[in-house]
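In what follows, a structure is listed as structure tokens, so that the remarks can point back to it.
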Amino acid sequence: MWRRLRSALRRLRRSPAALLAGGGRPPAAAAMERAVVRCVPSEPKLSLRFVLPDGSARHMQRDQAEPLGRALARIATNAAKGPAKAAKKSKKARAEGGPAGEAAVAAPAVRLFSRDGEAVAEEVPNAAAWQDGAVLQIGEAQYRVERNPPALTELRLPRSLLAGFPVCPKVNAEFAAPQHCLFRWYREQRPAGGDGEAAGGDGPAWVEAAGGERVFTPSNAMVGLRLKLRCTPGDGAQRYGPPQEVESSGPVEAGPGACTFDSRHLYTKKVCGQGSIRAVSYNILADTYAQTEFSRTVLYPYCAPYALELDYRQNLLKKELAGYSADLICLQEVDKSVFVDSLAPALDAFGLEGLFKIKEKQHEGLATFYRRDKFSLLSQHDIAFSEALLSDPLHKELRDKLGQYPLVQEKVLQRSSVLQVSVLQSATDPSRKICVANTHLYWHPKGGNIRLIQIAVALSHIMHIACDLYPSIPVIFCGDFNSTPSSGTYSFINSGVIAEDHEDWVSNGEEERCNMPLSHPFKLLSACGEPAYTNYVGGFHGCLDYIFIDKNALEVEQVIPLPSHEEVTTHQALPSVSHPSDHIALICDLKWK
């Protein structure tokens, strides 16, 4: 077969009728079909897709190192199959007395020409031969080669849409980036008959609502109507791939009206200047905890059930976080699926890059976001407290002390709490680096001793990064510390020492007493002070969340006021229809000293 194909190709190439205009160059064509080549260095094969003149689609996989001639011969074989089948049918018809057909079908000439019109030699490997802009000729048909064109791999809209709240699509693409894609938004045309169908009964009619913006905020006039998004993938080099469309699964619904964060947005309309950093710390209430029967009936019985639903809360949360125009956002209780499918795509659209650290035994963890045009990521140093305490030589002294208290040691090692540490570098002044830490300490009211051990591990780890690996870089330490200002943990962070006879060492009774003096070298300050509360639920309110800063290197420019007590208690407590979490975000503007 190979010999026959090569012979046919040679005959066609020698034939004057088969010679291409311009001494073997492909003739100019006003419009060509596409031959799409996907060639990734890390993969052994490339793929080739095109549609033959008879309308049949072809998808081929070829070794990247294979000589081009073998691939062209395979294309010729494929191209001859359609006519061969037609000839076979014709022959059968002739045998039955029907009209005569051709007895044999010759393979078409198949050539590949470079962008400058020269024929590509058959011994050239596929990976080098199939370049963007080349021309594939199959008989009389011509195809413009598109190598690794921008392509969408995922396009999704959120399940819940609220009027007045941003709709952020999830966009995943290959050889493209969301910021270079083209977006056009459509809304259903409200039908005269009210049944949602177009006049001809061919489905809904769509009216363009907005173009160009990745994020779309539906107005109150769109309540009851579905949305459609048309996205064209682009790579920033004026190359665009085939567009895709996605329709919302349901209509836009009415929003809740005023939210607790609306007044705070008045202070954060713009991103702060290059010498300043706006930091946010926020426990966003994991769905894995909000959706339990215990949560609905005991923890948050005052909250309307629909307001505990993840899709509803995500609408509020995305609007709240986007409106803070933050440079750094440290979140706790972030469901993995929420990070991947909701927060990362949404905040990416607002210029923020996200990092995630999951708790090994749970489906939630920590997320740190940083503004891309202000910072770049230098390194990550995330740990699980239990694992670090067991295996890291850095904590040998603490490990030896804790070994004297086996009950407490066992409890500490059972906890899944983690620490997320990211070292960032200023985009405008590379000499400025910053260590951003984020954590969520053990929650139990009687777990003060456990939290002291966890924070000791955290501060030792941060000290190694900010003193040894990157000497003298300032620290911003955010999180839900589950510790009030009167606690040993808060006192230890603030003062740098904790006495061995502090009452928190016996927080869970004499059986779990563990007395040890601890110290750390940092000069840390709670940037937002000591608010009356950052957590407000039916049975408890208190200050548990903090943004600690290195007061030798950073100072506070402004603290964004928390919602008023009236706003927090409008619906009795948190969460509510106007607030997505049981915690309140802390926000402050910092500047370098």
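Listed here are the residues, each with its yes/no results for (1) out of contact with any Asp or Glu (no Cβ under 9 Å at 6 or more places or on another chain); (2) open to solvent by 60 Å² or more (accessible area, probe 1.4 Å).
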residue	(1), (2)
326	yes, no
336	no, yes
363	no, yes
367	yes, no
371	no, no
374	no, no
378	yes, yes
381	yes, no
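Residue count for the range 167-192 satisfying the condition of being buried (at least 22 other Cβ atoms within 10 Å of the Cβ), of a type outside the set (A, V, I, L, M, F, W, C) and over 25 Å from residue 251 (Cβ atoms): 0.
Need pairs with beta-carbon distance below 7 Å; first residue in the same structural domain as residue 127 (by the TED database) and within the range 31-49, second polar (S, T, N, Q) and part of a loop (DSSP other than H, G, I, E, B); sequence gap 6+ or separate chains. Correct list of pairs: 38/148; 39/64; 39/148; 44/64; 45/64; 46/64. Is it the case that some residue within the range 202-217 is closer than 30 Å to residue 573 by Cα, outside the structural domain of residue 587 (by the TED database) and open to solvent by 40 Å² or more (accessible area, probe 1.4 Å)? Taking every residue of the range 202-217 in turn, at least one turns out to be closer than 30 Å to residue 573 by Cα, outside the structural domain of residue 587 (by the TED database) and open to solvent by 40 Å² or more (accessible area, probe 1.4 Å). Among the residues of the range 219-255, count how many are in contact with a Leu (Cβ under 6 Å, 6 or more places away or on another chain) and either open to solvent by 60 Å² or more (accessible area, probe 1.4 Å) or within 17 Å of residue 164 (Cβ to Cβ) (or both). The total comes to 6.
For (1) within 30 Å of residue 208 (Cβ to Cβ); (2) touching a Lys or Arg at 6+ places or on another chain (Cβ under 8 Å); (3) modelled with pLDDT under 95, each residue gets a yes or a no:
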| site | (1), (2), (3) |
| --- | --- |
| 252 | yes, yes, no |
| 273 | no, no, yes |
| 326 | no, yes, no |
| 339 | no, no, no |
| 344 | yes, no, no |
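Checking each residue in the range 555-593 for being within 26 Å of the chain's Cα centre (by Cα) and of a type in the set (D, E, K, R) picks out 582, 589.
Is it the case that residue 389 is within 25 Å of residue 316 (Cα to Cα) and open to solvent by less than 20 Å² (accessible area, probe 1.4 Å)? Criteria not met by residue 389. The set of residues in the range 294-312 being under 17 Å from residue 159 (Cα atoms), surrounded by 18 or more Cβ atoms within 10 Å (Cβ to Cβ) and touching a residue at least 60 places away in the same chain (Cβ under 8 Å) consists of 307, 308, 312.
Mind checking which residues of the range 568-577 are open to solvent by less than 10 Å² (accessible area, probe 1.4 Å) and of a type outside the set (Val, Ile, Thr)? Don't jump to the end; show me each part of the working.
Of all residues in the range 568-577, those open to solvent by less than 10 Å² (accessible area, probe 1.4 Å) come to 568, 573-576.
Correct list: 573, 574, 575, 576.
In the range 555-567, is there at least one residue being assigned to a strand (DSSP E or B), in the same structural domain as residue 437 (by the TED database) and open to solvent by less than 10 Å² (accessible area, probe 1.4 Å)? No, there is no match, as no residue in the range 555-567 is assigned to a strand (DSSP E or B), in the same structural domain as residue 437 (by the TED database) and open to solvent by less than 10 Å² (accessible area, probe 1.4 Å). Considering (1) charged (D, E, K, R); (2) surrounded by 14 or more Cβ atoms within 10 Å (Cβ to Cβ); (3) touching a residue at least 12 places away in the same chain (Cβ under 8 Å), the lone condition that residue 399 does not fulfil carries the number (3). The set of residues in the range 474-491 being more than 16 Å from residue 542 (Cβ to Cβ) and either of a type in the set (Val, Ile, Thr) or in a loop (DSSP other than H, G, I, E, B) (or both) consists of 474, 475, 476.
Find the strands (runs of 3 or more DSSP E) located wholly in the range 159-274 whose residues include 1 or more that are closer than 19 Å to residue 316 by Cβ, and list them.
Working: elements: 170-174, 182-188, 206-211, 227-232, 244-247.
Ranges flagged: 170-174, 227-232.
Of all residues in the range 544-554 being open to solvent by less than 60 Å² (accessible area, probe 1.4 Å) and not acidic (Asp, Glu), which is nearest to residue 435 (Cα to Cα)? Lay out the reasoning, then the answer.
So in the range 544-554, the residues open to solvent by less than 60 Å² (accessible area, probe 1.4 Å) come out as 544-550, 553-554.
If we keep only those that are not acidic (Asp, Glu) too, we end up with 544, 546-549, 553-554.
Details: 544: 22, 546: 16, 547: 13, 548: 12, 549: 10, 553: 12, 554: 12 Å.
Among them, the one singled out is 549.
Screening the candidates 281, 295 for the property of being of a type in the set (Ser, Thr, Tyr), outside any loop (DSSP other than H, G, I, E, B), modelled with pLDDT of 95 or more and not assigned by the TED database to the domain that holds residue 181 yields one hit, 281. Of the residues examined, residue 131 is not one that is open to solvent by 10 Å² or more (accessible area, probe 1.4 Å), out of contact with any helix residue (DSSP H, G or I) (no Cβ under 7 Å at 6 or more places or on another chain) and over 18 Å from residue 49 (Cα atoms).
Put simply, of 510, 503 the only residue that is among the acidic types (Asp, Glu) and free of Cβ contacts under 8 Å to residues at least 12 places away in the same chain is 510. When the residues of the range 501-532 are filtered to those that are polar (S, T, N, Q) and in contact with a Gly (Cβ under 9 Å, 6 or more places away or on another chain), the one that is nearest to residue 465 (Cα to Cα) is 519. Pairs meeting the criteria (first residue in the range 457-478 and open to solvent by 40 Å² or more (accessible area, probe 1.4 Å), second residue among the aromatic types (Phe, Trp, Tyr), beta carbons under 8 Å, at least 6 apart or on different chains) are 463/522.
For the range 492-543, please list each of the strands (runs of 3 or more DSSP E) lying entirely inside it that holds at least 2 residues being open to solvent by less than 30 Å² (accessible area, probe 1.4 Å). Please lay out each step first, then the result.
On the way: elements: 524-526, 535-537, 540-542.
Because the criterion is at least 2 residues that are open to solvent by less than 30 Å² (accessible area, probe 1.4 Å), the strands (runs of 3 or more DSSP E) in the range 492-543 that meet it are 524-526, 535-537.
Taking the range 492-537 as the range and being in contact with a His (Cβ under 9 Å, 6 or more places away or on another chain) and of a type in the set (A, V, I, L, M, F, W, C) as the test, the residues that pass are 492, 493, 497, 532.
The values are calculated or read from the model by the stated rules, or taken from the named source; none is laboratory data. Everything quoted here is computed from the prediction, not taken from an experiment. We place every Cβ from the backbone using ideal geometry, glycine too, and count neighbours over all the protein chains shown. Surface accessibility is based on the protein's heavy atoms, side chains included, excluding ligands, DNA and RNA. Shrake-Rupley method; radii C 1.70, N 1.55, O 1.52, S 1.80 Å.
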